[in-house]
Structures are given as C-alpha cells and as structure tokens.
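Everything on this sheet refers to the single structure shown next.
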Amino acid sequence: MKNIAKTFKGQGKSIGSLMRYSRIRTLKYLERVGLALSCLINVIAFGPSNQTFSARNHAWRRDGRPNICFIIDFFIFWDKDHCLHSWLYWYTGKNIRKVGKKYLQDLENMI
C-alpha cells in the first residue's frame, strides 16, 4: 500500500484518489469472487461449469421447471431481471464460441 501511495503521490494524486482506486479494485475483486462462487454452486448442482447459477435458474424458468429466479432477483435488487441478463450473457457467449469454431473450420477448408 505504501508503494502505491508513493506512486500516486509522485503523480500529484491525492490520498482520496488512492482510496477510490482501492475501493474500485476491491469491488471488482468481490464481483469476480461472486461469479466464481455462483459457477461453483452450479457445478455442485450438476450444471455446466461455465454457467452461473442465476443463468441456470432462468433456463429452468424458460423450460417451465421449478426455479428460484424471484428470490435471486429480489436479493440482487440493483440488477432488474438479473437471472435473465445472466442467461443472455451465457447464451450469447456459448453461441459465439460455436460460430467461431465453424468459421475457423470453414477457413481451414478453404485453404
């Protein structure tokens, strides 16, 4: 922390800037830990390893299966329709990877 403070001080930045920088880094870290825990819970529940528990619950909702989306969305109140957004992010990423592989295979066949 002292090295960072010296770096900021050398650049003419205030201690307030250092505290904001530390707070942002801490929040980003906690977000990554939360995502990792969500994926771990999903894997323990026999789900795909790259899907969060929220995304899986939204997939269950789409299929008409019992889910706890309303509870997850309630606790993550700052993100309206959190489960839907999580599922869209996962589904889009999954399909982009599939299309990318097909594109590379077609490219190899052309060469």
Report the dimensions of the range 29-99 along its three principal axes from the alpha-carbon atoms, largest first, rounded to Å. 34, 34, 23
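Percent of accessible area on the range 18-87 owned by carbon and sulfur, 1.4 Å probe?
Numbers: 3470 of 5130 Å².
Roughly 68 percent, rounded to a whole number.
The values are calculated or read from the model by the stated rules, or taken from the named source; none is laboratory data. Please read all numbers here as calculations on a predicted model, not as lab measurements. Side chains are part of the model used for accessible areas, which takes the heavy atoms of the whole protein and leaves out ligands, DNA and RNA. Shrake-Rupley method; radii C 1.70, N 1.55, O 1.52, S 1.80 Å.
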